[in-house]
Amino acid sequence: MYQILKSISFCYGHRLLKYQGPCANLHGHNARAEITLASEQLDERGMVMDFGDIKSVIKTWIDDNLDHTMLLCKDDPLVAVLTDNQEKFYLMDKNPTAENIAELIFNYAEQQNFPVESVTLWESDTSFARFLR
Amino acid sequence: MYQILKSISFCYGHRLLKYQGPCANLHGHNARAEITLASEQLDERGMVMDFGDIKSVIKTWIDDNLDHTMLLCKDDPLVAVLTDNQEKFYLMDKNPTAENIAELIFNYAEQQNFPVESVTLWESDTSFARFLR
Amino acid sequence: MYQILKSISFCYGHRLLKYQGPCANLHGHNARAEITLASEQLDERGMVMDFGDIKSVIKTWIDDNLDHTMLLCKDDPLVAVLTDNQEKFYLMDKNPTAENIAELIFNYAEQQNFPVESVTLWESDTSFARFLR
């Protein structure tokens, strides 16, 4: 069994609803998303997938949608404010916790038919959340 | 399935009994304990647990018990010496290897009813021991 | 259940056959091989294995065979050229991808009767391939 991992750095803003503490305030993080793919067999080149192909597909989507962007829950009152002011944001059905951001990226990778096993989101150098099947 | 990890740094002294080599001497390490929790579902905030709650509980215990402290096996002749000299140490039933320190922290996290999956103890930047169920 | 990991750094040259892109050119990487061993029980010292024993066996083999060496597939036309010029290389049955190099080191560790669970080869700070049973 083989696994490969590609790490993609980006930064985002967010804030949490239903939360008591500093994460209720608007703030942001330098994040690292680690995409892990798994396969029982290698292709004719000896690869699970080319590292460059993971990067070009997932990094492009992250850069377009999440990087340097506020990630906001659809229930957040800021959504109307940022819309009125024509500021960029990314709307999530759920609270933009590290857990839910990891699952969001996992779902995108799966939609691209990548054999994704897990996505790990490092919110800082000492904290991660991971979504896996 | 979701996992979260919180990394907690501390430093400790130890030495190993029944061991031939430099680890038989009194010495110490800059260590990093990685606490991994797992859950099938998220709470209403979208979290396995708040990173800050892991940190406040586990880091407090590590700081009070293990940080800047000699970890000694109960059979170590130094136990009597340090006791006589009123020096701080932490008594372990087993040899204070990275494996047993990882299990010690795992057991503490489990006693706190954390959904702990594993504890990884990095003894250096190139070596870890992990205890998992 | 216990796991231990030892990380061993080395650098190698390679190039890939049947590949369109920059990895078809001769190039190289600063790599890190992470050897993970697993055991249900610890020995009388409280260890899966001494970190130093993993290092001395695996690092010696890597240093002798892979470090500062071109890793080439046996079908590579360069094999004849380097042979004629008495240049050092390491011959692989398969394409020298990160996946196949991880499996190569795994197989060596297994031949040494190490209870190896996986070998992870970091090809760069952002990409790894892992082989596991």
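The values are calculated or read from the model by the stated rules, or taken from the named source; none is laboratory data. Every value quoted in this text rests on a predicted model; they were computed, and no experiment measured them. For neighbour counting, all protein chains shown are included, and Cβ atoms are generated from backbone atoms with ideal geometry for every residue, glycine included.
Which of the residues belonging to region A:1-24 are within 14 Å of chain C (Cβ to nearest Cβ) and farther than 18 Å from A:ALA102 by Cβ? Break it down stepwise before answering.
Here is the first cut: in region A:1-24, the ones within 14 Å of chain C (Cβ to nearest Cβ) are A:1-10.
Within region A:1-24, A:MET1, A:TYR2 qualify.
If I filter region B:25-43 down to residues being surrounded by 12 or more Cβ atoms within 10 Å (Cβ to Cβ) and of a type in the set (Asp, Glu), which single residue comes out as farthest from B:GLU99 (Cα to Cα)?
It comes out as B:ASP43.
Report whether or not A:SER118 is modelled with pLDDT of 95 or more, surrounded by fewer than 19 Cβ atoms within 10 Å (Cβ to Cβ), of a type outside the set (D, E, K, R) and in a strand (DSSP E or B). First the steps, then the outcome.
Working: modelled with pLDDT of 95 or more: yes; surrounded by fewer than 19 Cβ atoms within 10 Å (Cβ to Cβ): no; of a type outside the set (D, E, K, R): yes; in a strand (DSSP E or B): yes.
No.
Answer yes or no: is there a residue in region C:74-85 that is within 18 Å of A:PHE51 (Cα to Cα) and of a type in the set (Val, Ile, Thr).
From region C:74-85, those within 18 Å of A:PHE51 (Cα to Cα) are none; that's our starting set.
Within region C:74-85, none of the residues are within 18 Å of A:PHE51 (Cα to Cα) and of a type in the set (Val, Ile, Thr).
Take region A:92-115 and flag every residue that is crowded, with 24+ Cβ neighbours inside 10 Å, facing another protein chain (nearest Cβ under 9 Å) and touching a Phe, Trp or Tyr at 6+ places or on another chain (Cβ under 6 Å).
A:GLU99, A:ALA102
Check region C:52-72 and report whether any residue there is in contact with a helix residue (DSSP H, G or I) (Cβ under 8 Å, 6 or more places away or on another chain), within 10 Å of another protein chain (Cβ to nearest Cβ) and without any contact (Cβ under 8 Å) to a residue 60 or more places away in the chain.
Within region C:52-72 (the criterion being in contact with a helix residue (DSSP H, G or I) (Cβ under 8 Å, 6 or more places away or on another chain), within 10 Å of another protein chain (Cβ to nearest Cβ) and without any contact (Cβ under 8 Å) to a residue 60 or more places away in the chain), the answer is no, since none of the residues qualifies.
Across region C:75-91, what is the number of residues that are exposed (fewer than 15 other Cβ atoms within 10 Å of the Cβ) and within 14 Å of chain A (Cβ to nearest Cβ)?
Within region C:75-91, residues that are exposed (fewer than 15 other Cβ atoms within 10 Å of the Cβ) and within 14 Å of chain A (Cβ to nearest Cβ) number 1.
Could you grab me the full set of residues in region C:86-111 that are part of a loop (DSSP other than H, G, I, E, B) and either free of Cβ contacts under 8 Å to residues at least 60 places away in the same chain or of a type in the set (A, V, I, L, M) (or both)? Before the answer, list the steps.
Going through region C:86-111, the residues part of a loop (DSSP other than H, G, I, E, B) turn out to be C:86-88, C:93-97.
Matches in region C:86-111: C:GLN86, C:GLU87, C:LYS88, C:ASP93, C:LYS94.
So A:ILE35 ticks every box in (1) more than 14 Å from chain C (Cβ to nearest Cβ); (2) under 30 Å from B:GLY52 (Cα atoms); (3) among the β-branched types (Val, Ile, Thr) but one. Which box is left unticked?
It is condition (1) that A:ILE35 fails.
Out of the residues in region B:121-133 that are facing another protein chain (nearest Cβ under 8 Å) and touching a residue at least 12 places away in the same chain (Cβ under 8 Å), which is surrounded by the fewest Cβ atoms within 10 Å (Cβ to Cβ)? It would help to see each step written out before you state the result.
Applying the first criterion (facing another protein chain (nearest Cβ under 8 Å)) to region B:121-133 yields B:123, B:125-133.
Keeping just the survivors that are touching a residue at least 12 places away in the same chain (Cβ under 8 Å) gives B:123, B:127-133.
Details: B:GLU123: 22, B:SER127: 18, B:PHE128: 25, B:ALA129: 26, B:ARG130: 24, B:PHE131: 23, B:LEU132: 16, B:ARG133: 9.
The residue in question is B:ARG133.
Could you tell me which residue of region C:1-15 is farthest from the chain's Cα centre (by Cα), considering only residues that are under 30 Å from B:SER118 (Cβ atoms) and touching a residue at least 40 places away in the same chain (Cβ under 8 Å)?
Start the filter on region C:1-15 by keeping residues that are under 30 Å from B:SER118 (Cβ atoms), which leaves C:1-10.
Narrowing the set further to residues that are touching a residue at least 40 places away in the same chain (Cβ under 8 Å) leaves C:2-4, C:6, C:8, C:10.
On the way: C:TYR2: 23, C:GLN3: 19, C:ILE4: 17, C:LYS6: 13, C:ILE8: 9, C:PHE10: 9 Å.
Result: C:TYR2.
Being among the β-branched types (Val, Ile, Thr) and under 11 Å from the mean Cα position of the chain (by Cα) is the filter here; which residues of region A:109-133 pass it?
A:VAL119, A:THR120
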